[in-house]
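Reading through the structure tokens given below for one structure.
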Amino acid sequence: MKRLMIGAVAAACLAVSAQAEDLRVSPGVPSAHPAYSHGYAHLLKYLPEESNGALTATLIGPEVVSLGQMKEALQAGVTQVGLLLPLYFPADFPYLSIPSEVALVGTSPDAMGAAMTEFVVTCEPCQKELKAFGAVFLGSGSTDIYHLLTTKPVTSLEDLKGLRLRSGGAPWSRFAEAFGAVPVSMPVGETFEAMSQGAIDGTATSYGDLLSFRLVEVTKDINTINLGTYHATSYFTVNGQTWAGLKPEDRAALARAANRANADTTLRWAHELTAAATAAAEKAGIKFIDPPADMAEAVKAYAAKDAEAVAKLYAERDGIEEADAMVKRFLTLVDKWNGIVAETGPDAEAIAAKVQEEVWSKVDYSTYGL
């Protein structure tokens, strides 16, 4: 009997050791958000596929870990993989914030996400600050192009003056100030009420917010001026101790799964959700306004100058002497990926394959993030 019990215990131990390692993962956003529905939901599928069953994941919802709580949750190991937005914590990520703030030049969400990924993976000071934070970066995605969603028509540069605009970050606050508008900082979830009550006249944001935050009900006009992208994302940020505890081949599998899910998230946000939101806006009678030539040219010229301003800001304020070189390198990567995406089109599978080839296949998983 004793031998039978010992044998049963040994068999149970072997069964446990053979089980997949299950990771706690947190998108920090509601289920309708692309980072949840097409990011983390797809990660749960891709992870066992890429790791041959060695890795699985359990999703922890935003009611447990929100975006605002993600920093502490990742550092404490409450979650092992989470959606981290560097611009939420600029003091922790000054180097990561530099390419994040070069936003207004974005014309292709797919290219911006890929360029951000390649930049951070190959940026030594970025990797150092991630290590100091206790996290590992596994790529970025991007929103669709930002436009002006307003309660009054904006048909010219003159109409921008005095306009109270909710800003989703420093790049759009600078844009507003440069053209005489008034930037208003508030959480995106408060935009609907602020527009409906007249506290603000509109917001610089993506079409997706028309549906995600019900702005289709309060928006009257959309000026389709190109205001860049929000690509300051680290959708699948891994707790440093968790990463160190994985085998190199499992780290590589996790990176491959995250890479695929990053591309899926951008596809959903920048293309599928945009199409659905546009249709909803047209049904609601929202007027689409094409910017006049002088407005489009002025904003495009400003975007180029703003990139230079970012380099100067981080050099003078944060003492980052290489800020100018970093901005130029990021812009070079944006050009590179604009060219690649022009060939692939908005094909998530093809883009993920190119990012895998250009970036992740060159990573040494015995040292990356350690």
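The values are calculated or read from the model by the stated rules, or taken from the named source; none is laboratory data. Please read these numbers as outputs of a predicted model, since none were measured by experiment. Here Cβ is always computed from backbone atoms with ideal geometry, including for glycine, and neighbour counts include all displayed protein chains. For accessibility, only protein heavy atoms count, side chains too; no ligands or nucleic acids. Shrake-Rupley method; radii C 1.70, N 1.55, O 1.52, S 1.80 Å.
Looking only at region 274-314, count every residue that is part of a loop (DSSP other than H, G, I, E, B) and either under 17 Å from W172 (Cβ atoms) or of a type in the set (F, W, Y) (or both) and tell me the total.
So in region 274-314, the residues part of a loop (DSSP other than H, G, I, E, B) come out as 284-286, 290-292.
Those left that are additionally either under 17 Å from W172 (Cβ atoms) or of a type in the set (F, W, Y) (or both): 291.
Counting residues in region 274-314 that are part of a loop (DSSP other than H, G, I, E, B) and either under 17 Å from W172 (Cβ atoms) or of a type in the set (F, W, Y) (or both) gives 1.
In region 208-235, what residues are touching a residue at least 60 places away in the same chain (Cβ under 8 Å) and open to solvent by 20 Å² or more (accessible area, probe 1.4 Å)? I'd like the intermediate steps shown before the answer.
Step one: filter region 208-235 for residues touching a residue at least 60 places away in the same chain (Cβ under 8 Å), giving 208-212, 215-235.
Those that are touching a residue at least 60 places away in the same chain (Cβ under 8 Å) and open to solvent by 20 Å² or more (accessible area, probe 1.4 Å): L211, S212, V216, E217, K220, T224, N226, Y230.
Only residues that are without any contact (Cβ under 8 Å) to a residue 40 or more places away in the chain, assigned to a helix (DSSP H, G or I) and not charged (D, E, K, R): list them for region 25-45, please.
The answer is Y36, A41, L44.
For K131, all conditions in the list (1) under 19 Å from the mean Cα position of the chain (by Cα); (2) touching a residue at least 60 places away in the same chain (Cβ under 8 Å); (3) assigned to a helix (DSSP H, G or I) hold save one; what is the number of the exception?
The number of the failed condition is (1).
Are any residues in region 78-91 open to solvent by 50 Å² or more (accessible area, probe 1.4 Å) and either in contact (Cβ under 8 Å) with a residue 12 or more places away in the chain or under 17 Å from G39 (Cβ atoms) (or both), and if so, which ones?
Step one: of region 78-91, the residues open to solvent by 50 Å² or more (accessible area, probe 1.4 Å) are 78, 88, 90-91.
Those that are open to solvent by 50 Å² or more (accessible area, probe 1.4 Å) and either in contact (Cβ under 8 Å) with a residue 12 or more places away in the chain or under 17 Å from G39 (Cβ atoms) (or both): V78, Y88.
Of all residues being small (G, A, S) and surrounded by fewer than 24 Cβ atoms within 10 Å (Cβ to Cβ) in region 236-257, which is farthest from the chain's Cα centre (by Cα)? Just the residue, please.
Filtering region 236-257 down to residues small (G, A, S) leaves 240, 244-245, 252-253, 255, 257.
Adding the requirement that they be surrounded by fewer than 24 Cβ atoms within 10 Å (Cβ to Cβ) leaves 240, 244-245, 252-253.
Values: G240: 20, A244: 24, G245: 26, A252: 21, A253: 21 Å.
Residue satisfying both the conditions and the ranking: G245.
Go through region 49-77 and count every residue that is open to solvent by 40 Å² or more (accessible area, probe 1.4 Å) and assigned to a helix (DSSP H, G or I).
The number of residues fulfilling the criteria is 8.
Name the residue that is modelled with the lowest pLDDT, counting only residues in region 121-143 that are crowded, with 24+ Cβ neighbours inside 10 Å and in contact with a Phe, Trp or Tyr (Cβ under 6 Å, 6 or more places away or on another chain).
T143
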